[in-house]
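The values are calculated or read from the model by the stated rules, or taken from the named source; none is laboratory data. Because the structure is a prediction, the values reported are computed rather than measured. Cβ atoms come from the backbone with ideal geometry, glycine included; neighbour counts cover every protein chain shown.
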Amino acid sequence: MKEFFKRMLTDIEEESHKNRNENEIDAESGAFNRKRFFITLLLLASLAVLLYQQFGYMLPSEVDTGDILYFAIMSGLVSFWVASDTIQLKKLGRTLVLWGSFALVLMTAYSYRFEIQQWKDRLLGNLSPHHGVALEERSLSFPLDSDGHFYIVAHVNQRPLRFLVDTGASHIIFPPRAAEALGFDLDRLSFIHPFQTANGRIYGAPIELQNIRVGGFYLSNVSAFVNESPMDYPLLGMTFFKELKRYQVENGMLTLHW
């Protein structure tokens, strides 16, 4: 009996020592890695700059300080998570991949909401919705966005810009920041043209665009206006649409014909 208890105590002591060693290993693996933190932060910042240079025109014209602060906080959290190097990192990564895949499936299923028989064109339209899908010769179709509006990427003076379609607007109207990006000097513009909006009367400055192109449809020497107040997106109004052969909205698709 004495030998039995002695052996049991020895086993308990060995198990305790083993657990202590495992905890020490876990603590070491969970140590904060400063080098990895700053490298991750630098990579995220570089990726953000690259994406903005390539796809910045897809964002609202006005990117405020709150957006930059939000990105900085999220980048810091992601960098801290990577630098922590915990034993749960791979498990969390697999979880994120799983949920990301599930979200992708839902987004793909969303593209079938109108006409299943056109699923190939619908999927293509959702992969690059604001550039349009050529369903017929001399035409482009644009799917309805999730916010209930249509958006079109047009090249203005060879520069791509994302427009909000507004057939209720008589003109093409740019926010100040977009006008500056096109090379217009706001201090040399005359904001003398009145516009009546839901928020009251505002004033715009007349400008002339060298050209504007959507797909194969091209216009030159196009009149437009610069709004004196900030806007999320430039407006593509009837100055553009009246030059088309026709346009139509059907089953959640805006189709331009020229």
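For region 70-91, a tally of residues being under 30 Å from A179 (Cα atoms) and either at pLDDT 75 or above or surrounded by 14 or more Cβ atoms within 10 Å (Cβ to Cβ) (or both) returns 2. The requirement of being surrounded by fewer than 15 Cβ atoms within 10 Å (Cβ to Cβ) and either under 16 Å from V226 (Cβ atoms) or of a type in the set (D, E, K, R) (or both) is satisfied by P206.
A quick yes/no check of all residues on (1) within 18 Å of H130 (Cα to Cα); (2) of a type outside the set (A, V, I, L, M); (3) free of Cβ contacts under 8 Å to residues at least 60 places away in the same chain; (4) in contact with a Cys (Cβ under 6 Å, 6 or more places away or on another chain):
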site	(1), (2), (3), (4)
Y151	yes, yes, no, no
T167	yes, yes, no, no
A178	yes, no, no, no
G183	no, yes, yes, no
R188	no, yes, yes, no
G215	yes, yes, no, no
D232	yes, yes, no, no
E243	no, yes, yes, no
L254	yes, no, no, no
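Considering only region 196-244, state which residues are among the charged types (D, E, K, R) and over 17 Å from I152 (Cα atoms). Scanning region 196-244 gives R201, E208, E228. The set of residues in region 18-35 that are at pLDDT below 75 and not in a loop (DSSP other than H, G, I, E, B) comprises K18, N19, R20, N21, E22, N23, E24, I25, D26, A27, E28, S29. Residues that are among the small types (G, A, S), in contact with a Pro (Cβ under 8 Å, 6 or more places away or on another chain) and modelled with pLDDT of 60 or more within region 112-154 comprise just one, A154.
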